[in-house]
Amino acid sequence: MENDPRSEWAARLKAFGMIIKLGNDLFAASDFNTACGMAVNSSRALLKFKTSTMLELSGGKARIVAQYAQVAINHNSNAAMLQTSLCEHLELSEKPLILSTADVPNLNQYAGIALSQLIGERDRMMIVMLAPPPFLGSVDFRLVWMLEFAEEIPKYAINAASILVRNYAEALYCHRCCRVSAKAKIRKWMQPKRVALYVLAILLLALMFVRVQESVNAEFEVRAPKTVSTYAWFDGPIARCYKQDGDLVKAGELIAEYDTSQLAFRLANAESQVREIEKEFDLERSAAFSDRTRLGKVQLIEARLNGARVAVDEAKWYMAHSKLTAPASGTLALADGRAELLTNRAVRTGDRIFDIYTGEGAAAEILVNERDSSILQGQPEVTFFLYTRPEISIPGKVQAIANYPELTEQRVYCYKVRATMDGVSNLRYGMRGIAKLRGDRVSLGYYLFKNLVIYLRRI
């Protein structure tokens, strides 16, 4: 009866029914991991393997997803690391790969070491790659089924495994790519990090519609309401400075004077030349009355006389402007800061010698960076905070705004803004601090990301 054809067909039908049932059971599984566990465990009754492992291969790296008779997977165990190494270093295809210890020399170094440590001399290993079904399109991973047998693999087991992997592939890839349970989706999308990102995105979107008052901080310096400057009339050394920085002076009061020793010599020399030329001119002019041929010489001498008189006038002008007086009454501010530094200093024409601060109260000169100049389009409010008295807020009012930015010593283009300072006494000129300017209301998104956009535009 062993060779009865009916018995053989009955066995084939039974095996075929088991293949169909195993495939359907995997489709009915709740999730991917459960389906992989069913694949490596339930198929043992049909294939009679010693052990089996399902691995996921992605980007050249393998990861065990299910093992026979194992509830939890120890990825750090020696067997697990050998199985992943063997999977990573084999050239796999959809055709089952049968390996034994005799195949070790034909494999690369890593695959050979892993195979020799995984199976014994009589053991056989069958490795087959589960191809994704065509209707899923391209996927960036592959499933690999690794089966170990205690002896030669029966032909029926190879044929059954070749058919079984097709059903397994459809079920497992669908679970992995398509069939995600509602709870799994919720858990995936409600992870703490994702929830935090959702809240942040909603918050940023909502804040884009919130309008806040635009504000800018800028440095300022306390200045006099009015400043009158005195500059060097001509090149020359300063002989003496009669006043100290910060002194109260009156209009017309002597502040400093040039060294006039050379100027006095030039004046005396020019006057002496004028007198000599005048005598020569008088003699030649008298002689010309009797000798008309000498008129030409008289004209030449007259031209020399006029030039000498111009030299005298020039020397007198230098002498008259050698004394630097206060153009107005007020507080003196020397350009060098101290009288000792100005004394014996050689100045050039146009050099600022000193300033006179006039008027009552104090004003502020604010330097607003060009990138923050949008706040100057209206009439901004301003409040001052001195470095020396930061606890006190000083109200102010903008008086004038420069039409064009200027390049500062820090190599930054800034607009100069002049404003009054009210309500505080004992302010000294030259004090510095922070001016807080408040403009019109703008969207919070513009206020927060304006500088970021400027930076990105520079890239």
Original post:
Which is of a type in the set (Val, Ile, Thr), at pLDDT 80 or above and under 30 Å from Ala29 (Cα atoms), of Ile119, Ile163, Ile202?
Top reply: Ile163
**OP:** Could you check Gly246 against (1) touching a helix residue (DSSP H, G or I) at 6+ places or on another chain (Cβ under 9 Å); (2) in a loop (DSSP other than H, G, I, E, B) and say which number it fails?
**Re:** (1)
Original post:
Restricting the stretch 405-445 to residues that are modelled with pLDDT of 85 or more and either assigned by TED's automatic domain parsing to the domain that holds Ala333 or among the β-branched types (Val, Ile, Thr) (or both), which is nearest to Phe220 (Cα to Cα)?
Top reply: Ile434
**OP:** Only residues that are acidic (Asp, Glu) and either under 25 Å from Phe354 (Cβ atoms) or touching a Lys or Arg at 6+ places or on another chain (Cβ under 8 Å) (or both): list them for the stretch 381-434, please.
**Re:** Glu381, Glu406, Glu409, Asp422
Original post:
Only one residue in Val382, Val347, Val310, Val368 is in contact with a helix residue (DSSP H, G or I) (Cβ under 7 Å, 6 or more places away or on another chain), at negative phi and at pLDDT 85 or above, so which one is that?
Top reply: Val368
Original post:
Are any residues in the stretch 338-376 part of a helix (DSSP H, G or I), of a type in the set (A, V, I, L, M, F, W, C) and surrounded by 15 or more Cβ atoms within 10 Å (Cβ to Cβ), and if so, which ones?
Top reply: Ala339, Leu342, Ile375, Leu376
Original post:
Which numbered condition trips up Ala328, out of (1) outside any loop (DSSP other than H, G, I, E, B); (2) at pLDDT 85 or above?
Top reply: (1)
Subject >> Residues of the stretch 103-115 classified as buried (at least 16 other Cβ atoms within 10 Å of the Cβ) and outside any helix (DSSP H, G or I), total >> reply: 1
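Could we say that Leu283 is more than 24 Å from Glu314 (Cβ to Cβ) and either in contact with a Cys (Cβ under 7 Å, 6 or more places away or on another chain) or not assigned by TED's automatic domain parsing to the domain that holds Thr349 (or both) here? Steps first, please.
On the way: more than 24 Å from Glu314 (Cβ to Cβ): yes; either in contact with a Cys (Cβ under 7 Å, 6 or more places away or on another chain) or not assigned by TED's automatic domain parsing to the domain that holds Thr349 (or both): yes.
Judged against the criteria, Leu283 is a match.
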Subject >> Members of the stretch 360-404 found to be in contact with a Cys (Cβ under 7 Å, 6 or more places away or on another chain) and either over 18 Å from Val222 (Cβ atoms) or not assigned by TED's automatic domain parsing to the domain that holds Met421 (or both), listed by number >> reply: Asn369, Glu370
**OP:** Kindly provide the set of residues from the stretch 116-142 that are under 22 Å from Asn78 (Cα atoms), touching a Leu at 6+ places or on another chain (Cβ under 6 Å) and crowded, with 17+ Cβ neighbours inside 10 Å, ordered by number.
**Re:** Leu118, Met125, Met126, Ile127
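Residue-wise test of (1) hydrophobic (A, V, I, L, M, F, W, C); (2) farther than 20 Å from Asp31 by Cα; (3) outside any helix (DSSP H, G or I); (4) in contact with a Phe, Trp or Tyr (Cβ under 6 Å, 6 or more places away or on another chain).
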site	(1), (2), (3), (4)
Thr53	no, no, yes, no
Gln83	no, yes, no, no
Pro132	no, no, yes, yes
Leu147	yes, yes, yes, yes
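The values are calculated or read from the model by the stated rules, or taken from the named source; none is laboratory data. Quick caveat, the model's predicted, so the values are computed rather than measured. We place every Cβ from the backbone using ideal geometry, glycine too, and count neighbours over all the protein chains shown.
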